[in-house]
Amino acid sequence: MSEQERRLQELNFKKEISEDSSLDKSGAYETGVKLNCDIHGEYPEKEIKLFGKKINISHCPKCESDKREQEEAERKEIEKKIQLEKDRELRKAAGVSVRNERVRFSHFQTETDEQKEVHKTVLNFAKSIHEGAETPNIILTGKVGTGKTMLANCVINSLFKSKSVRLIKLQDMLRKVKGSYSKDSNYSESEAIEAYASFDLLILDEVGVSRDTDNDKNIIFDVLDGRYQNMLPTMIISNLNIEGIKQTLGDRVVDRLRDGGGILLGCDWESYRK
């Protein structure tokens, strides 16, 4: 347990005790004695009966109230920080880098009709997955720097709390699956393939940056065919055109991706980085 979590546990306990004490003090009555607080001035002493005994309440009520407000503000701030850290870990596990953890659909520049159409289509793609609807696959192509990976991160950032999602470079996925071949591996190839085939959404980035072997293509097919059979959406991101993607993934995979209304989106504009 972290220091923040320990402090939050302490503050939650104090809050619970304070609420119970407030209920106990609801039957308190003034004794007629006046007390003085260095900060808030004069206040009446009160008395309460507890287990048949009279107990004087001589603490300044305004001081107690101020302390409770400060502790409540601290408690909420710690809760916020802990949640932010949990969200960061979830984003990291989903494949979002620190650089992209704050990107949102509203940050994507849409000056042309093409950009607006791509933005709208990918946004609706994320909404459909969030709602649990049957969602067609997307193949997103275009030059370097046109915002493809940014849009992918926007999708992940909008879904990571409610869905199992994963954004990963194709070569990293292949390395992970082939890591099962090591004698020290604690998972099998089929288990790795099943894991990628089971995410609510899988986004494969940088498709086509290297020459894939027949074994690589078989792994890719097994993953995407598994997703096809599970009726789960996949997004493919590549700098290649559709023919180049076919050469990398294989015709069978692209057929699976295009089946059921799969969408091909082209980011045919100049790089935002220029």
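The values are calculated or read from the model by the stated rules, or taken from the named source; none is laboratory data. These figures come from a predicted structure and were not determined experimentally. Note: ideal-geometry Cβ built from the backbone for every residue, glycine included; neighbour counts use all protein chains shown. For accessibility, only protein heavy atoms count, side chains too; no ligands or nucleic acids. Shrake-Rupley method; radii C 1.70, N 1.55, O 1.52, S 1.80 Å.
Quick notes
- Index of the failed condition, Val144 passing every other in (1) assigned to a loop (DSSP other than H, G, I, E, B); (2) open to solvent by less than 10 Å² (accessible area, probe 1.4 Å): (2)
- Sole residue being more than 22 Å from Val122 (Cβ to Cβ) and under 25 Å from the mean Cα position of the chain (by Cα), chosen from Ser185, Ser198: Ser198
- Matching residues, region 159-190, being open to solvent by 60 Å² or more (accessible area, probe 1.4 Å), in a loop (DSSP other than H, G, I, E, B) and either touching a residue at least 40 places away in the same chain (Cβ under 8 Å) or touching a Pro at 6+ places or on another chain (Cβ under 8 Å) (or both): Lys161
- Filter result for the condition that a residue is surrounded by 12 or more Cβ atoms within 10 Å (Cβ to Cβ), assigned to a helix (DSSP H, G or I), acidic (Asp, Glu) and modelled with pLDDT of 90 or more, over Glu114, Glu74: Glu114
- Evaluation of Ile237 against (1) of a type in the set (A, V, I, L, M, F, W, C); (2) open to solvent by 40 Å² or more (accessible area, probe 1.4 Å); (3) under 15 Å from Arg166 (Cβ atoms) (one fails), failing number: (2)
- Ile156 vs. criteria in contact with a Pro (Cβ under 8 Å, 6 or more places away or on another chain), among the β-branched types (Val, Ile, Thr) and modelled with pLDDT of 95 or more: no
- Check on Lys81, under 30 Å from Ile168 (Cα atoms) and either of a type outside the set (S, T, N, Q) or modelled with pLDDT under 75 (or both): yes
- Lone qualifier among Ile193, Ile220, Ile156 - being part of a helix (DSSP H, G or I), surrounded by 16 or more Cβ atoms within 10 Å (Cβ to Cβ), aliphatic (A, V, I, L, M) and without any contact (Cβ under 8 Å) to a residue 40 or more places away in the chain: Ile193
- Of all residues in region 205-216 being closer than 13 Å to Met173 by Cβ, charged (D, E, K, R) and at pLDDT 85 or above, the one that is most open to solvent (accessible area, probe 1.4 Å): Glu206
- Once region 196-205 is narrowed to residues that are assigned to a helix (DSSP H, G or I) and either in contact (Cβ under 8 Å) with a residue 60 or more places away in the chain or of a type outside the set (S, T, N, Q) (or both), the residue that is nearest to Met150 (Cα to Cα) is Tyr196.
- Residue list for region 244-274, filter: in a helix (DSSP H, G or I) and either closer than 24 Å to Cys154 by Cβ or open to solvent by 100 Å² or more (accessible area, probe 1.4 Å) (or both): Ile245, Gln247, Leu249, Arg252, Leu257, Arg258
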